[in-house]
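The values are calculated or read from the model by the stated rules, or taken from the named source; none is laboratory data. Owing to the predicted nature of the structure, the values given are computational and were not obtained by experimental measurement. Neighbour counts run over all protein chains shown; Cβ positions are idealised from the backbone, glycine included. Remember, those area values only see protein heavy atoms, side chains included, never the ligands or the DNA or RNA. Shrake-Rupley method; radii C 1.70, N 1.55, O 1.52, S 1.80 Å.
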Amino acid sequence: MIDEEVLYGRLTPSEFKARLKRAPIAYLPLGTLEWHGAHLPLGSDFLQSQGFFIKLARRVGGIILPPLFLGPDKELEVDEFEYYGMDYFGYAPNPPQQLAGSAYWVPNYLFSAIIEAILRQLRRAGFKIVVAHGHGPSIDYFVKNGEELGKRFDLAIFTLSRPEDERKEDMEFQSDHAAMNETSIMMALHPELVHMENLPKDPDEWPLAVGGKDPRKYASAELGDKIINHHLERMEKILKDQLAKFS
């Protein structure tokens, strides 16, 4: 059986209307083009969220937007040079450095304007629910502003994030930076893109700009599948409950 088409840009108008009628859910992968260790691709943020959304949309319905590769992050200026996120936000004792391939940063006000424009267009197109997830600081924006944005644009807005007191250790989705959690999810969704051989062989040498539990010791496709299935089950319930309100 051919897998159901769920990507917005590949749908014809009639296919779009049919999917929208069944489940007016838009999924927004919050990506970056950002260093994710020497072992993961630069698009890891959106590859994880998009891969998850494909599975979820085929269970619940809905349509997946193209990934958003721009995002906010911490910034530091040294000698008139700007560093962003993992360029300096240290999980290892490294000096600030421009990490290869990172090209995603926008200031908070611009990211906010982009998201508001997207939400306005989604509501205009007929969506009632938006699920956004991916890059950590982008998720934080939705967690902080989601309720207000939902009221303003008449949308129910969700992420995969849970309140601190409800989180389950090692079982959140995209909860570190290229460490055990993200590496495991990538192993489950895109094993051909994971290159563990690129990481230092010396266990005492910490991988550059990797944050969390050591992926060399703790990451596995089995853990990735466990995380994915856990969140598929809970998000399926959340979204079906929300859809029932529109019936």
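Quick notes on this structure:
- Annotation: Cα Rg of the stretch 173-234 relative to the compact-globule expectation 2.2 N^0.38 Å equals 1.10.
- Calculated P(r) of the chain - Cα pairs past 33 Å, %: 19 percent
- Ranked by the mean number of other Cβ atoms within 10 Å of their residues, highest first, the peptides 155-167, 18-30 come out as 18-30, 155-167.
- Put the Cα centre of the stretch 173-212 next to the Cα centre of the stretch 53-114 and the gap is 17 Å.
- Highest to lowest packing among 58-64, 128-134, scored as the average C-beta count within 10 Å: 128-134, 58-64
- Leading residue at positive end of dipole, the stretch 94-247 (Cβ point charges), from S175, A209, V131: V131
- Whole-Hz ³J(HN,Hα) from phi, Karplus 6.51 cos²θ - 1.76 cosθ + 1.60, for the stretch 167-178, glycine and proline x: 6, 10, 3, 6, 10, 7, 10, 6, 9, 9, 10, 6
- Taking 19 Å as the cut-off, the amide N atoms of the stretch 49-73 that come nearer than this to a point 7 Å along the Cα-to-beta-carbon line of K21 belong to 60-64.
- Subset of K55/K151; K17/K240; K74/K240; K217/K240; K151/K240; K144/K240 violating a 31 Å alpha-carbon distance limit: K74/K240; K217/K240
- Counting DSSP beta bridges with both ends in the stretch 1-85, the antiparallel % (nearest 5): 50 percent
- Fraction of beta bridges assigned by DSSP in the chain that are antiparallel (%, nearest 5): 25 percent
- Using a Förster distance of 45 Å, the FRET efficiency for E75-F246 (Cβ separation, nearest 0.05): 0.65
- Span-like helix ranges in the chain, DSSP H, alpha carbon extent 15 angstrom or more, Kyte mean at least -1.0: 44-60, 108-125, 136-153, 221-244
- Under 5 Å from the amide H of V130 lie the amide H atoms of A26, A156, I157, F158, each residue being 5 or more positions distant or on a separate chain, with H modelled from the backbone and absent for Pro and chain starts.
- Dipole magnitude of the chain about its Cα centre (Cβ charges: Lys, Arg +1; Asp, Glu -1), debye to nearest 20: 1780 debye
- Which of E147, E172, E15 is most accessible, then next, and so on - probe 1.4 Å: E147, E15, E172
- Beta bridge orientation in the stretch 38-177: antiparallel %, DSSP, nearest 5: 50 percent
- Computed over the chain: relative contact order in percent, which uses C-alpha pairs under 8 Å that are six or more apart: 23 percent
- Additional length obtainable on full extension of the chain from H195 to N145, 0.36 nm per residue less Cα span: 14.4 nm
- Using θ = phi - 60° and Karplus 6.51 cos²θ - 1.76 cosθ + 1.60, couplings along the stretch 199-205 (whole Hz; Gly, Pro as x): 7, x, 6, 6, x, 7, 9
- Pairs of Cα atoms in the stretch 1-76 fall into 5 Å distance bins, from 0 up to the last occupied one, in shares of 3, 15, 23, 20, 15, 11, 7, 4, 2, 0, 0 percent.
- GluC sites (Glu not before Pro) lying in DSSP loop within the stretch 34-78, provided at most 15 other Cβ fall within 10 Å: none
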